[in-house]
Amino acid sequence: MTERIYYNDSYLRRFTAHVLACAPGGATVYLDRTAFYPASGGQPFDLGSIAGVAVLEVVDEGDSVAHSLAAPLDPGPVECAIDWDRRFDHMQQHTGQHLLSAVFHDLLGLDTVSFHLGAESSTIDLEGGALDAAAAARAERRANQLISENRPVAVVYEDAAQAAGLRKPSDREGTLRIVSIDGLDRSACGGTHVRSTGEIGVILIRKLEKIRQSVRVEFLCGARAVARARADYEALNKIAQLVSASCDDAPVTVAAQLEAARAAEKSRRKLELDLAAYQGRELYQGTTPGPDGVRRVTRRAARGSLEELRALAQSFTAQPKAVFLAALNEPPSVLLASSADSGIDAGKTLKSALAEAGGRGGGSAGMAQGSVPDRPSLERVLEKLG
Ligand SMILES: [Zn+2]
């Protein structure tokens, strides 16, 4: 059985212990006492070193705590050191979670159903109703007010049957470890926490995400919150510089520029159609009618899109007795357009030519389009249509 020092002193960074056992062949070490926190309750495990050997993972095995090391150790006394920056960061995020959960409960009647402390940010899942950005901002303000009040955070042990006023009832029996925030919260918890709310530093709420019946709230505490706010500022500032606006004005300026870009695109498409109409009429004027009085034009391109030729085909065949055929080598495809008085039904004609060449497509009597599997098939279709 491992004595868990972190239960009563979460600020101990260096300690002496005895290696009781090292799993045979491996580097999993058991100590008589440990300050290394094993992953549990949403809080990740500690890192650090034991006798100078790096700790890779710490696992809660019930009665004992297993330390997975970079190399095996012999039984005997060892000096241990916790990676304090990592641990203190976890203590800030975890205590921030207690504080935030209490505020969401008291202020908005929303209960925390789960907590995850991640490498980048942490999340709590809330149940009991919807949460909008304005309500989240109110909770954030209240939480930061409680941080500035620097309320004591204490650990007490009580019998589960006697313990009253817990934010979330515990289903454990026997002695409960209760973490309290003075005048605000009592929660059964085995994690590590800071000793007063001031040490949380600051709480920043970010993304709200609806997940089934609950809302997932992303939050960051302490140095993480400041680093995140800085990264957010850098990103926003870059956007603001691109549109020559201040950060505060950037959303309105970007929205206006997007709207202008959409209008420009719409106008470009209209001009393209107008141009195609002129080109189609000009092409018609310059084409000599055949013996049957029908003007035929064939356009061939190596690659691209038939869409670009549709407008030209449309304006060409808007004139009397006109047939327009276009083909692309890559992807092998074909377009056929005809005027109503040309005597050719574009849809039917193309469909039968495609069917013989193993292609697919179709369209109306005036405009049809299709594709074929390869170049030889394309040549067969063109031969048929020519
Ligand atoms: Zn806790």
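The values are calculated or read from the model by the stated rules, or taken from the named source; none is laboratory data. All values derive from a computational prediction rather than experimental measurement. Here the Cβ is made from the backbone with ideal geometry for all residues, glycine too, and neighbour counts use every protein chain on show. We work out accessible area using only protein heavy atoms, side chains counted, and drop any ligands, DNA or RNA first. Shrake-Rupley method; radii C 1.70, N 1.55, O 1.52, S 1.80 Å.
Going by a ≥ b ≥ c, the root eigenvalues of the Cα gyration tensor, does the range 1-83 fall in the rounded group (a/c under 1.5), the prolate group (a/b larger than b/c) or the oblate group? Present the calculation step by step, with values, prior to reporting the outcome.
Numbers: a/c = 1.43, a/b = 1.28, b/c = 1.12.
Here the range 1-83 falls in the rounded category.
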ask   = Check ALA318: other-chain or 5+ apart residues with amide H under 5 Å from its amide H, H built from backbone geometry?
value = none
remark   = Longest principal axis of the chain (C-alpha) makes with the long axis of helix 250-285 (C-alpha) an angle, in degrees to the nearest 10, of 20 degrees
key: Cut-off under 5 Å, modelled amide H: who pairs with LEU69 long-range   = ALA27, THR28, VAL29, LEU56
inquiry  = I'd like the orientation of helix 133-148 relative to the chain: the angle between its Cα long axis and the longest Cα principal axis, in ° from 0 to 90, rounded to 10.
reply    = 30 degrees
Under Karplus coefficients 6.51, -1.76 and 1.60, residue-wise ³J(HN,Hα) of the range 110-118 in Hz, glycine/proline x = 9, 9, 7, 9, 7, 9, 9, 9, x
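Rounded to the nearest 5, what is the percent of antiparallel bridges among the DSSP beta bridges in the range 276-386?
In the range 276-386, DSSP labels about 65 percent of beta bridges as antiparallel.
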query = So how far apart, in nm, are the two label points at ALA255 and GLU3 if each is 7 Å from Cα heading toward Cβ?
reply = 6.3 nm
remark   = Residues whose modelled amide H sits under 5 Å from the amide H of ASN329, counting only those 5 or more places away in sequence or on another chain, are ALA301, ALA302, ARG303
ask   = When only DSSP loop residues count, what GluC sites (Glu not before Pro) in the range 86-178 have their Cβ near at most 11 other Cβ atoms within 10 Å?
value = GLU120, GLU173
message = Can you compute the FRET efficiency between ARG14 and SER68 using 1/(1 + (r/R0)^6), with r the Cβ-Cβ distance and R0 = 25 Å? Round to the nearest 0.05.
response = 0.80
task = Mind checking the per residue accessible area of the chain for me, 1.4 Å probe, whole number of Å²?
result = 53 Å²
task = Kindly provide the GluC sites (Glu not before Pro) of the range 16-116 that DSSP labels as loop, not H, G, I, E or B, and whose Cβ sees at most 15 other Cβ atoms within 10 Å.
result = GLU61
message = Taking θ = phi - 60°, what integer Hz values does the Karplus form 6.51 cos²θ - 1.76 cosθ + 1.60 yield along the range 22-33, in sequence order, with x for Gly and Pro?
response = 10, 4, x, x, x, 10, 9, 10, 10, 10, 6, 8
key: Accessible area of the chain belonging to carbon and sulfur atoms, whole % at 1.4 Å probe   = 52 percent
query = Of LEU31, LEU336, PRO169, whose Cα points farthest to the positive end of the dipole of the chain (charges on the beta-carbon: +1 Lys, Arg; -1 Asp, Glu; origin at the Cα centre)?
reply = LEU336
remark   = With x for Gly and Pro, the residue-by-residue ³J(HN,Hα) of the range 309-324, computed from phi through the Karplus equation 6.51 cos²θ - 1.76 cosθ + 1.60 at θ = phi - 60° and given in whole Hz, is 8, 4, 5, 5, 4, 4, 6, 5, 8, 6, 8, x, 6, 9, 10, 10
